[in-house]
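A short write-up of the structure that comes next.
The values are calculated or read from the model by the stated rules, or taken from the named source; none is laboratory data. Since the model is a prediction, treat every value here as computed from it, not as a measurement. FYI the Cβ positions are ideal-geometry reconstructions off the backbone, even for glycines, and counts take in every protein chain you see. The accessibility values were calculated without ligands, DNA or RNA, using every heavy atom of the protein model including side chains. Shrake-Rupley method; radii C 1.70, N 1.55, O 1.52, S 1.80 Å.
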Amino acid sequence: MRTRGSGRPRAVRPAVLLAALALLTACTGPTGPGSAPPDGDAPPTGTASDGAGPRAAEPRTVATDLDVPWSVAFVAGTPLISERDSGRILELAADGSVREIGTVPGVRHGGEGGLLGLAVDGEQRLYVYSTGRDGNRVQRFALDGPAGAYTLGSAETLLDGIPSGSNHNGGRLALGPDGMLYVATGDAGERRAAQDPASLAGKILRLTPDGDVPEDNPTAGSPVFSTGHRNVQGMAWSADGAMYATEFGQNTWDELNLIVAGGNYGWPEFEGAAGRDPFRDPVQQWRPSDASPSGLAIVEGTLVVANLRGEVLRTAPVADPTASTDRYAGELGRLRDVVPGPAGGVWVLTSNTDGRGTPRPGDDRILEVPLPR
Ligand SMILES: [Ca+2]
């Protein structure tokens, strides 16, 4: 190493030399293996540093050419898929082929409405959220088997009259660890309804599997479990029983919320963290352009969020849900749902045929994604 202007060689202590090398590297940017990361938050050597988080494994394609798929649920290990616009429910075979098991009667697709969430209980009964003539409704169908030949059986309407609109229909269904059926709704464009305890809009609802109001709901006789939501399309529980939900914000903040019985999550008084009683702040919030979170799964202590507009699979540790890592940013397009995969990891449902995305060859697809260790 030479020092400019120095006419004679001089000894350079190793520590000084190392410091100079580090400074040189920092000034010229990463130059190859061993170069210093730009800051303390950069991933360790051996992973990408392009802002997309640790280099994720290549997804495996499970199914292709789906038409506006919205939800995936498993019955005895067999995946069922809802199609928003057609109202069809499909059964996915191990070879990736699909067959229709039936069409939900009376589905009226318009805007974000149509056939939305699916859930299956331990008795292999199928719960369905869809938009009908009189608003959104929750129905339960018998499933006649066996696998490979499932058909939709008789239907019972568990709850109807949930306000619907061209936008903000909510639509996710989930059976909680308490055996109850949770129903995520949207404000259906009527913002004030989210704060109205008498309205089913802008809420998370809790029902027995038969559609009755559980005796231990926050308000006697009411299916309302939590209020003040704009549009919830993701619900999941961690191993310790804590409930999380994803929520679309309007212009400012999308939310990840920790849901408690009787909680008020602020909309439309506040979007994102307000720090004002009695409203509950999100545990994490994102700009809608970076997020628009729909489906949510929790697998092996990791929250996994499928984002539409942000076109990213985002993970957060349950142990610290204020942190997050982005995966597959921009690689898969819009993401509608994420569920625990039957062989570990998660299954991710794309949503590029929904009229707001750019379909790629094979869209829409189900992809199997391993979770990073
Ligand atoms: Ca909120």
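Tabulated results
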read-out	value
Quarter of the Cα convex hull surface for the stretch 81-137, i.e. its orientation-mean projected area (nm²)	4.4 nm²
Percentage relative contact order, the stretch 206-328, counting C-alpha pairs under 8 Å, at least six apart	19 percent
Most to least packed among 100-112, 285-297 [average Cβ atoms within 10 Å]	285-297, 100-112
Cβ crowding within 10 Å averaged over residues, with 58-66, 345-353, 176-184, 161-169 ranked highest first	345-353, 161-169, 176-184, 58-66
Length gained when the stretch Glu123-Asp240 is fully extended (0.36 nm per residue, less Cα-Cα span)	39.7 nm
Per DSSP, loop trypsin sites (Lys or Arg not before Pro) in the stretch 215-318 with at most 14 further Cβ within 10 Å	Arg276
Average accessible surface area per residue within the stretch 264-354, 1.4 Å rolling probe, Å²	35 Å²
Computed E for Arg276/Asp178 - FRET, C-beta separation, R0 30 angstrom, nearest 0.05	0.50
Peptide ranges 138-149, 195-206 listed from the most packed, as the mean C-beta count within 10 angstrom indicates	195-206, 138-149
Efficiency of FRET between Glu58 and Glu215 - r from beta-carbon atoms, R0 35 angstrom, step 0.05	0.10
In the stretch 160-258, GluC sites (Glu not before Pro) in a DSSP loop with at most 16 other beta-carbon atoms within 10 Å	Glu190, Glu215
Rounded percent of accessible protein surface that carbon and sulfur make up, the stretch 226-373, 1.4 Å probe	46 percent
Cα centroid of the stretch 309-373 to Cα centroid of the stretch 159-193, whole Å	22 Å
